[in-house]
There are 2 protein chains.
Amino acid sequence: MAALQNILFIMCDLLRWVYLSCSGLPHLMTPNLDALAARGVRFDKAFVQSPICGPSRMSFYTGRYVISHGSSWNGFPLKVGEMTLGDHLRPLGVDTVLIGKTHMAADREGMKRYGIEEGTLIGARLAECGFDAFERDDGLHPDTGYAPPPRYNAYLRSKGYDDANPWNTRANGVEPEGDETGLGWFLKYSNRPARIAEEDSETPYLTRRFMDFIESRTDDTPWLCHLSYIKPHWPYIVPAPYHDMYGPETWVPPNRSEAERADPHPIYAAFMAQRASQSFAKDAVRNAVMPAYMGLIKQIDDQMGVLFRFLEERGLMDTTMIVFTSDHGDYLGDHWLGEKELFHDASVRVPLIVYDPRAEADATRGTVSDALVEAIDLAPTFVEAFGGAALPHRLEGRSLGPLLRGESGPWRTHAISEYDYSVTPVRQMLGTGQDTSTMIMAFDGRWKYIHCEGFPPMLFDLETDPDELTDLGRAPGHEAVRASMAEAIFEWSRRQRQRTTVSPERIDAAGSRPTHESGILIGFWDEDELRDAGGEI
Amino acid sequence: MAALQNILFIMCDLLRWVYLSCSGLPHLMTPNLDALAARGVRFDKAFVQSPICGPSRMSFYTGRYVISHGSSWNGFPLKVGEMTLGDHLRPLGVDTVLIGKTHMAADREGMKRYGIEEGTLIGARLAECGFDAFERDDGLHPDTGYAPPPRYNAYLRSKGYDDANPWNTRANGVEPEGDETGLGWFLKYSNRPARIAEEDSETPYLTRRFMDFIESRTDDTPWLCHLSYIKPHWPYIVPAPYHDMYGPETWVPPNRSEAERADPHPIYAAFMAQRASQSFAKDAVRNAVMPAYMGLIKQIDDQMGVLFRFLEERGLMDTTMIVFTSDHGDYLGDHWLGEKELFHDASVRVPLIVYDPRAEADATRGTVSDALVEAIDLAPTFVEAFGGAALPHRLEGRSLGPLLRGESGPWRTHAISEYDYSVTPVRQMLGTGQDTSTMIMAFDGRWKYIHCEGFPPMLFDLETDPDELTDLGRAPGHEAVRASMAEAIFEWSRRQRQRTTVSPERIDAAGSRPTHESGILIGFWDEDELRDAGGEI
């Protein structure tokens, strides 16, 4: 297969899998993403490796499970030694560039241990998760100094938004009335417009930054650009006209039942008790947020139109693979939950569209794949697309290349996802240990089983219960399924993950060479035995 | 507990647990090691993390399981990012020094990736498994250039041994007769004396190198010295008078039964078919090797006497913890096997004596501990002994400190060991995959269970079958035990191992801090809700 020229790897944050019209949502029109899907493959069963930003992204960027890279919560530094996309693609001659969010926390202690200065090229890339940061912006800039002031604030001020922190009070704030703060953090403001012109809000800004990146190219070196949008992540605030495009008649009702609250699994009960869940269980909250959430997605889709036209005009559409996905979903009150973090489809399943311009992918254009795809599959897909050798000792995912080419063959039988709640209030409620606040999901296309350390499992039968309303984890009659799913997690958990310094080729070569050729003679009685084995004296 | 001044961490290679008189061997007198045991604690149930040199040692030096550090076979580079003893001890002000063998293979690709030059201090330590190498010598120097020429060869030449490679032809060779090569690699020569004066052989040489190290100290900086002897590792050759001290009347007969060969487990059968096993199944081979093996151990014990007197004379015995162990055992024909690599006690169980001079350890002097101890327990023991904080996110072992102080409390319930046979002829015989050529042992003090990827398990009941002659892995009536042991391995395999950049303190601190203090406000409807939660507007 011909190597590609470029890859545009687009990610949204908190974009639930179903919130595209091509995924089946009735009232949110996303014609531009639908058109991309019509030119590529829409992977309908795509799962993230952890339903929370940081760990999910570290898995996207390393091609490895969370249990392997160890960055199991937001802000847990990705250790020096974990290889990222840039480490794999730069040797193939590919510029690996970031515009937007990664949620990367640098392992500064590790860098110091190895004498790696942040001011150097190696240090800067290590600190930025392997990317060359054309612009890093994690999209959360409260006045507390949580993150460095973004370039975006300077942009806003240049446009006349003179607030001290216009990200906070303009892009993510509404016009306050009376003693209101107008801060978009508060959900009651979600259905009011941001205090900013639409073109100055974050989504169009990042789109233009991608255009700036393209304009800045001075040669035709191949690139992978990770264009990583911040939205529809909260603050749930969108500028006019998007803030009131979607009324109640367009909303999908919350997917929840009273039965779920009757005898909930202890971990599920603890998550239901969290503030975000309590909030989203209220109609008033959901009613305020839905217009903003849907409007933010609509704005993204409009920007996708802008972006795709831009690529088309520059002839890049024929040489650029485009991948569109999200780092996780959003409960929005489903299952009486807010945010993400558990393993219902609302949280762990993401949209994934892959458009591959090469002729070899013509056979699958416009199709929908039901293969169990994981976020870690993108890194090997990218390596393969740029003509690199497979790196199964380092990348735990599988290239989607065969699926894009319509090739048949075995695929994985279970999708896996993990969650570490050790730094959350849920752990405090449950009194679990630091090392035992973990869950592991396995999904085989029908059964979704969640191993819960120290608790019974959860189990859903998506064939008879596609809305995941009935937890069979403790129900009699499902012992065999539970045992079989636990065995799948056992198989997964004991895999070789860290044998990363030795390639498959080297293992085969070492295994096929008689030891005595190294001069290390084991078990030979005398010279004749060595000669008989083909050895030289 | 007072911090120690120094630690002398002595390792032998291929020294089987029982081959000390304090361990119960009737005819090998090791009075010096027995005396050390009488002043310290002998851990009678100590297991290595993998019954083969490199992986076992990488676990000793990292304090982590093989599945965690990934160096699962000899010569598989330990990846940049894995922390070793030096990384943990130097911040405590401890010089961490090597004399002898580590079997370390540097991750040169990883070092290059991060711009770490081998000529720098950081690079040199990374390449030497975290040690400052006073003298590195892995003890295998055939003429093939398998390893760099050792300093020891220069020493031998300075003593008048003018051979091109006196390690090969003198220290590990015998006087050839007729057309013999006299090379000690060939087992038929094992019962003849090495062509070298006893004082010039490897074991006394390394002892003197330790003395040189002590003499070279110019201040009283604390040190950990890893004095890592090469013997009794093959070539099984020892100089006079040690070569004929032990006749047949002193040998423990081979521990094997015809029943073992009747219906062997497929992996066991493949190991029995290996050259070293076929050799050691023959009486002639065993009879030739036993005098050398026992003589080599006797020589080590004599050198221990020299060493301990040297320490005593310099007043170091009161300020130095002494640890004596081995990287794995040696089948010597037991179970129809040679070498090591499987999980019978002959292979996976090692001698372990810990002498702690501090008064807090007085209560346990001369005692024998039956606790299930693992090789990875030494690293945390050393960190604690030098006054360092526990590092459970990085070190998977447990400090032996509480056992040395005679404290009661919970201990681990299962010892774990692993083996990856992907580069061995066994894999070729069995046709297994690169990633599925693995075994994992769990031992609970009675049952020894070996998970064999792709095959049935092995199971031994050491209560009724202490010689491990009956494999119950497929026997009816033991289903519950097998399920329980498999569950123990499952629990072990899914542990957090890579969350190494985040300390327990940081996890507790993060978990106890309300998220809203960071300025990230999740799930708040309005300003009042935030105020009610104690937040500031």
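Key figures
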{"item": "Some residue of the stretch A:305-320 being β-branched (Val, Ile, Thr), part of a helix (DSSP H, G or I) and under 21 Å from A:Thr207 (Cα atoms)", "result": "yes"}
{"item": "Filter result (open to solvent by less than 10 Å² (accessible area, probe 1.4 Å), at the interface with chain A (Cβ under 10 Å from one of its Cβ atoms) and part of a strand (DSSP E or B)) within the stretch B:412-423", "result": "B:Asp420"}
{"item": "Condition check for B:Arg531: under 16 Å from A:Tyr421 (Cα atoms) and more than 7 Å from every other protein chain (Cβ to nearest Cβ)", "result": "no"}
{"item": "Hits in the stretch A:274-296 - residues which are away from every other protein chain (no Cβ under 12 Å) and crowded, with 23+ Cβ neighbours inside 10 Å", "result": "A:Pro291, A:Ala292, A:Tyr293, A:Met294, A:Gly295, A:Leu296"}
{"item": "Of all residues making up the stretch B:359-394, the number that are open to solvent by less than 10 Å² (accessible area, probe 1.4 Å) and under 15 Å from B:Leu89 (Cβ atoms)", "result": "6"}
{"item": "Verdict on B:Met29 being more than 22 Å from B:Gly445 (Cβ to Cβ) and out of contact with any strand residue (DSSP E or B) (no Cβ under 8 Å at 6 or more places or on another chain)", "result": "yes"}
{"item": "Which numbered condition A:Asn255 misses (of (1) under 30 Å from A:Arg427 (Cβ atoms); (2) part of a helix (DSSP H, G or I); (3) open to solvent by 10 Å² or more (accessible area, probe 1.4 Å))", "result": "(2)"}
{"item": "Test: residue in the stretch A:151-164 that is touching a strand residue (DSSP E or B) at 6+ places or on another chain (Cβ under 9 Å), open to solvent by 40 Å² or more (accessible area, probe 1.4 Å) and within 30 Å of A:Val94 (Cα to Cα)", "result": "yes"}
{"item": "Qualifying residue in the stretch A:207-214 (condition: at pLDDT 95 or above, within 22 Å of A:Glu341 (Cβ to Cβ) and either in a helix (DSSP H, G or I) or among the hydroxyl-bearing types (Ser, Thr, Tyr) (or both))", "result": "no"}
{"item": "Leading residue by the ranking (nearest to the other protein chains (Cβ to nearest Cβ)) among those in the stretch A:258-273 that are under 26 Å from A:Tyr236 (Cβ atoms) and open to solvent by 40 Å² or more (accessible area, probe 1.4 Å)", "result": "A:Ala273"}
{"item": "Residues being at pLDDT below 95 and more than 24 Å from the chain's Cα centre (by Cα) - total across the stretch A:147-161", "result": "1"}
{"item": "Identity of the residue in the stretch B:52-69, facing chain A (nearest Cβ under 10 Å) and touching a Pro at 6+ places or on another chain (Cβ under 9 Å), that ends up surrounded by the fewest Cβ atoms within 10 Å (Cβ to Cβ)", "result": "B:His69"}
{"item": "Subset tally (residues that are part of a loop (DSSP other than H, G, I, E, B) and more than 7 Å from every other protein chain (Cβ to nearest Cβ)) for the stretch A:498-524", "result": "3"}
{"item": "Positions within the stretch A:461-490 being open to solvent by less than 70 Å² (accessible area, probe 1.4 Å) and either of a type in the set (Asp, Glu) or assigned to a loop (DSSP other than H, G, I, E, B) (or both), in sequence order", "result": "A:Asp461, A:Leu462, A:Asp465, A:Glu468, A:Leu469, A:Asp471, A:Leu472, A:Gly473, A:Ala475, A:Gly477, A:His478"}
{"item": "Number of the exception - B:Ser408 against (1) touching a His at 6+ places or on another chain (Cβ under 9 Å); (2) at pLDDT below 95", "result": "(1)"}
{"item": "Members of the stretch B:29-43 that are in a loop (DSSP other than H, G, I, E, B) and crowded, with 19+ Cβ neighbours inside 10 Å", "result": "B:Thr30, B:Gly40"}
{"item": "Test: residue in the stretch B:477-488 that is at pLDDT below 95 and farther than 30 Å from B:Pro254 by Cα", "result": "no"}
{"item": "Those residues of the stretch A:220-248 which are open to solvent by 50 Å² or more (accessible area, probe 1.4 Å) and at pLDDT below 95, in sequence order", "result": "A:Asp220"}
{"item": "Selection count where residues are more than 14 Å from chain B (Cβ to nearest Cβ) and touching a residue at least 40 places away in the same chain (Cβ under 8 Å), scope the stretch A:387-411", "result": "10"}
{"item": "Check on B:Val426, surrounded by 16 or more Cβ atoms within 10 Å (Cβ to Cβ), farther than 27 Å from A:Arg275 by Cα and either more than 8 Å from chain A (Cβ to nearest Cβ) or at pLDDT 95 or above (or both)", "result": "yes"}
{"item": "From the options A:Pro193, A:Pro149, residue that is part of a loop (DSSP other than H, G, I, E, B) and within 25 Å of A:Cys53 (Cα to Cα)", "result": "A:Pro149"}
{"item": "Looking only at the stretch A:430-443, and only at residues there that are in contact with a helix residue (DSSP H, G or I) (Cβ under 7 Å, 6 or more places away or on another chain) and away from chain B (no Cβ under 11 Å), the one that is surrounded by the most Cβ atoms within 10 Å (Cβ to Cβ)", "result": "A:Met441"}
{"item": "Residue match in the stretch A:149-170 (condition: away from chain B (no Cβ under 14 Å) and among the acidic types (Asp, Glu))", "result": "yes"}
{"item": "Test: residue in the stretch B:445-453 that is out of contact with any Asp or Glu (no Cβ under 6 Å at 6 or more places or on another chain) and either assigned to a helix (DSSP H, G or I) or open to solvent by 50 Å² or more (accessible area, probe 1.4 Å) (or both)", "result": "no"}
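The values are calculated or read from the model by the stated rules, or taken from the named source; none is laboratory data. Every value quoted in this text rests on a predicted model; they were computed, and no experiment measured them. Note that we place each Cβ from the backbone using ideal geometry, even for glycine, and neighbour counts take in every protein chain shown. Accessible surface is based on the protein model in full, side chains and every heavy atom, while ligands, DNA and RNA are left aside. Shrake-Rupley method; radii C 1.70, N 1.55, O 1.52, S 1.80 Å.
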